[in-house]
Amino acid sequence: MKRVLITGAAGFLGSHLCDRFIKEGYRVVAMDNLITGDLRNIEHLMPLANFEFYHHDVTKFVHVPGDLDYILHFASPASPIDYLKIPIQTLKVGAMGTHNLLGLARVKNARFMIASTSEVYGDPLVHPQTEEYWGHVNPVGPRGCYDEAKRYQEAITMAYHTYHGLETRIVRIFNTYGPRMRLNDGRVLPAFIGQALRGEDLTIFGDGSQTRSFCYVDDLVEGIYRLLLSDYANPVNIGNPSEITIKDFAEEIIKLTGTSQKVVYKPLPKDDPKQRQPDITKAREILGWEPKVGRAEGLKKTYDYFRGLSKERLYEESNHRE
Ligand code: NAD
Ligand code: UDP
């Protein structure tokens, strides 16, 4: 039975990865310091014999007894309001956290994967974004702590691959959504759905002409799983190429939720990327992967999840993004 360490396991993506690896018959070691995660995301796994949880900050020395076949480093604040609040921790988990886990991977002779991001392309001047594009990032702007942490994470991962011969994988994840996102994490989908459920107006930043391309979490997890088991060490974009403006996205949420609220316009945050769409030619060719879940289906599943949350949680996790 293979054993996999997943960092950031109590977060949105980490918890779905835990589910998938348990389903595939792996032994899962989950690690998280709960800075943006929530144990409720993995509480259903806690009683399983194949599941262990370590409450640990990966910027500190990481020790895991026993063998490891794979390490998936997904720990990092991921939403702009999170990393704007804790920029130093964000840089540390990308830099020192990644270094610690690469060291662990060497000791265990484990294959190592990092969760990189479309943010390495910054506010892109090439559209759609291919893996060959080097990006357009402001290192000293508000998003710099995240974007540069992820760029460093890619660089040190590639250095371990080149100089130590470590088996490594780099997935560049584009905006992903689904159940277990935090209602107050500030990302656009939980923000809009939370607002609709609480009977508030939907806040569009800027004029809403900026675009994003949203991938349903199950599709992403499938792409990650295939990339991990492939023999491809260069970065691969995983995302859904179906692109939409934020204004049209708000309209889709209004229709889906049946809210009678309207949209209100707020200032656009500094350095907010104007457009984003993955070129997934590599994922198609190398992994035989493409997304299967359309936005209508994915949004419905996600809305059903949020609707099922208690009233207390809906208000406890109300959106405070300024
Ligand atoms: P999330 O905030 O839900 O999960 C991140 C988890 O990491 C949380 O549980 C948090 O407590 C944990 N964590 C943070 N710092 C830690 C540390 N020092 N030690 C241990 N645990 C720590 O975010 P997510 O959306 O699940 O994102 C997971 C990963 O995927 C991140 O690396 C993120 O950069 C990347 N990513 C996500 C998206 C997306 O659309 N969700 C897009 C691109 C990249
Ligand atoms: N956004 C918005 N209203 C909100 C939250 C976000 O209009 O309440 C916009 C945000 O400015 C950005 C897009 O939605 O243009 C996606 O934002 P998110 O934080 O989800 O992700 P990212 O900017 O990192 O892609």
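What follows is calculated from the coordinates using simple rules that are stated; it is not laboratory data. Everything quoted here is computed from the prediction, not taken from an experiment. Heads up, the Cβs are rebuilt from the backbone with ideal geometry, glycines too, and the neighbour counts pull from every protein chain shown.
First check a/c for the range 1-48, with a ≥ b ≥ c the square roots of the eigenvalues of its C-alpha gyration tensor; if it is under 1.5, answer rounded, and if not, answer prolate when a/b is larger than b/c or oblate otherwise.
prolate
Relative to the longest principal axis of the chain, what angle (0 to 90°, nearest 10) does the C-alpha long axis of helix 246-257 take?
80 degrees
Where in the range 87-142 are there chymotrypsin sites (Phe, Trp or Tyr not before Pro) that are in a DSSP coil and have at most 14 other Cβ atoms within 10 angstrom of their Cβ?
Answer in residue order: Trp134.
To one decimal place, what Kirkwood hydrodynamic radius in Å is obtained for the range 132-209 from all pairs of distinct Cα atoms?
15.8 Å
Sort out for me the Cα centre separation of the range 152-221 from the range 292-319, rounded to whole Å.
Using only Cα atoms to place each centre, the spacing works out to 16 Å.
In vacuo Debye scattering of the chain, one point per C-alpha: log10 I(q)/I(0) at q = 0.07, 0.10, 0.11, 0.12 Å⁻¹?
These q points yield log10 I(q)/I(0) values of -0.26, -0.54, -0.66, -0.79.
Compute the angle between helix 217-229 and the longest alpha-carbon principal axis of the chain, please, reported from 0 to 90 degrees and rounded to the nearest 10.
The answer is roughly 20 degrees.
Which of the lysines could a cross-linker span from Lys150 if the Cα-Cα distance has to be under 16 Å and same-chain partners fewer than 8 positions apart are dropped?
Here the lysines satisfying the reach criterion relative to Lys150 are Lys92.
In the chain, what percentage of the DSSP-assigned beta bridges are antiparallel, given to the nearest 5?
10 percent
Just to be sure I understand: of the beta bridges DSSP finds with both ends in the range 113-260, what percent are antiparallel, rounded to 5?
Beta bridges within the range 113-260, antiparallel portion: roughly 20 percent.
Mean 1/r over all different Cα pairs, inverted: what Kirkwood radius does the range 189-322 give, in Å?
The Cα-based Kirkwood calculation yields 16.4 Å.
Just to confirm the number: angle between the C-alpha axis of helix 98-108 and the first principal axis of the chain, 0 to 90 degrees, nearest 10?
40 degrees
For the range 1-116, take the alpha-carbon Rg, divide it by the Kirkwood Rh, and send me Rg/Rh.
Over the Cα atoms of the range 1-116, Rg/Rh equals 0.94.
Return an integer: the convex hull volume of the alpha-carbon atoms of the range 12-78, in Å³ per residue.
So the per-residue hull volume is 91 Å³.
So what is Rg over Rh here for the range 90-183, counting just Cα atoms and using Kirkwood for Rh?
Using only Cα positions, Rg/Rh for the range 90-183 is 1.00.
Suppose the chain between Ser209 and Leu48 were pulled fully straight at 0.36 nm per residue; how much longer would it get relative to their current alpha carbon spacing?
53.3 nm is the gain from fully extending Ser209 to Leu48.
What ranking do Phe174, Phe53, Phe61 get, fewest neighbouring Cβ atoms within 10 angstrom at the top?
Lowest count first: Phe61, Phe53, Phe174.
Let me make sure I get this right: for the range 178-220, a, b and c are the square roots of the gyration tensor eigenvalues over alpha carbons, sorted descending. Under 1.5 in a/c it's rounded, otherwise prolate if a/b > b/c, else oblate. Which is it?
Taking the square roots of the gyration eigenvalues as a ≥ b ≥ c, the range 178-220 is oblate.
In which sequence would Lys266, Lys150, Lys108 go, from the one with the fewest C-beta neighbours within 10 Å to the one with the most?
Fewest to most other Cβ atoms nearby, the residues stand as Lys266, Lys108, Lys150.
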